[in-house]
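Read through the structure below, which is laid out as structure tokens, and then see the notes.
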Amino acid sequence: MSDRLPFGDDPRTEILRRTQAALIDAFGRIVRPIDKRRSPEWVLVHGVIGARSKTAVSNASTDALLSTYGSWEAVARAPVAELSDRLARQTFPEQSAQRLKACLERVVALRGSVDLRHLSNLPTAEAMVWLEALPGVGRKIAAGVMNTSGFARSVMVIDSHHRRIMQRMGIVPAKADTARAYDALMPLLPPEWHAADMDEHHLLLKKLGQTFCRPREPRCKNCPVRADCATGQRKPSSLDQPLSGRR
């Protein structure tokens, strides 16, 4: 996990600034209110069960687990088959149940309970390493715990939309996985960006990925960041068609 570079060391930093401004102009502000930040434990559970599932579905499933069992320790003690039934709305309920139980059991083994407060005393990089050692937790989930929870640390959450856009724009290597994309992107972030800016940047890029920069048949013609996108500039003829216009 790289340290941030000094201001002005890389022209891609200015591209990120322009991207943020263009996306705010296109979509408006997407700011997570302070009172909507969840506990780090909730964010951990949400991340572990959320593979390929809509955010709203995972939100509801996470809330339902805590409401049903009363504590994350009780969730850890529940049988996998029971958890799988509780997670029926997730895209991969059985896999989610297995990963969740293994993750929570590991936290209990290490900490005595499902309590991540000790991470607030660690440098961000060390906290991320601790989280990524848990079953089912990768860079995206670890960053989510540190950035979007009450910890509000200055790290960037990178999902498939975010990584795809950064790759198409030429900001990170084309074949980078989430961890490599994170390591490449973090030193490029504008030094004035704080945790809330990084959270908003991620949410705006997710919105862009759901609307213009789709996995297939991206709508480059009217994309708000096309001027700074290597792919959009390089292949306009093949990528300008609307989704309904290609077969």
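The values are calculated or read from the model by the stated rules, or taken from the named source; none is laboratory data. Since this is a predicted model, take the numbers as computed values, not measurements. Neighbour counts are summed over all protein chains in view; Cβ atoms, including those assigned to glycine, are modelled from backbone coordinates with ideal geometry. Please note that ligands, DNA and RNA were not included when accessible areas were found on the heavy atoms of the full protein model with its side chains. Shrake-Rupley method; radii C 1.70, N 1.55, O 1.52, S 1.80 Å.
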Output wanted: per-residue J couplings in Hz (rounded whole) for the stretch 130-137, from phi through Karplus 6.51 cos²θ - 1.76 cosθ + 1.60, θ = phi - 60°, x for Gly and Pro. 4, 5, 6, 7, 7, x, x, 10
Report, to the nearest 10°, how far helix 40-49 tilts away from the longest principal axis of the Cα atoms in the chain, using its own Cα long axis and a range of 0 to 90°. 80
Before I look further, what does the stretch 1-96 give for accessible area per residue, probe 1.4 Å, in whole square angstrom? 57
The stretch 1-120, accessible surface, carbon-and-sulfur percent (1.4 angstrom probe): 50
How would you classify the stretch 90-178 from its alpha-carbon gyration tensor, with a ≥ b ≥ c the square roots of the eigenvalues: rounded for a/c under 1.5, else prolate if a/b is greater than b/c, otherwise oblate? oblate
Under unit Cβ charges (Lys, Arg +1; Asp, Glu -1), what dipole magnitude, rounded to 20 debye, does the stretch 55-203 have relative to its Cα centre? 340
Of H118, H162, which has the most accessible area with a 1.4 Å probe, and how do the rest follow in descending order? H118, H162
Calculated from backbone phi, Karplus (6.51, -1.76, 1.60) coupling profile of the stretch 67-74 in Hz, x at Gly/Pro: 5, 6, 9, x, 7, 6, 5, 5
Length-normalised contact order of the chain, Cα under 8 Å, at least 6 apart, in percent, tallies to 24
Given the options S58, S39, S71, which has the most mean-square fluctuation in a GNM of the chain, springs set between C-alpha atoms less than 10 angstrom apart? S71
Rounding to the nearest 10 and keeping the result within 0 to 90°, find how far the Cα-based axis of helix 139-148 lies from the longest principal axis of the chain. 90
Give the accessible surface of the stretch 100-185 per residue, rounded to a whole number of Å², with probe radius 1.4 Å and ligands, DNA and RNA excluded. 39
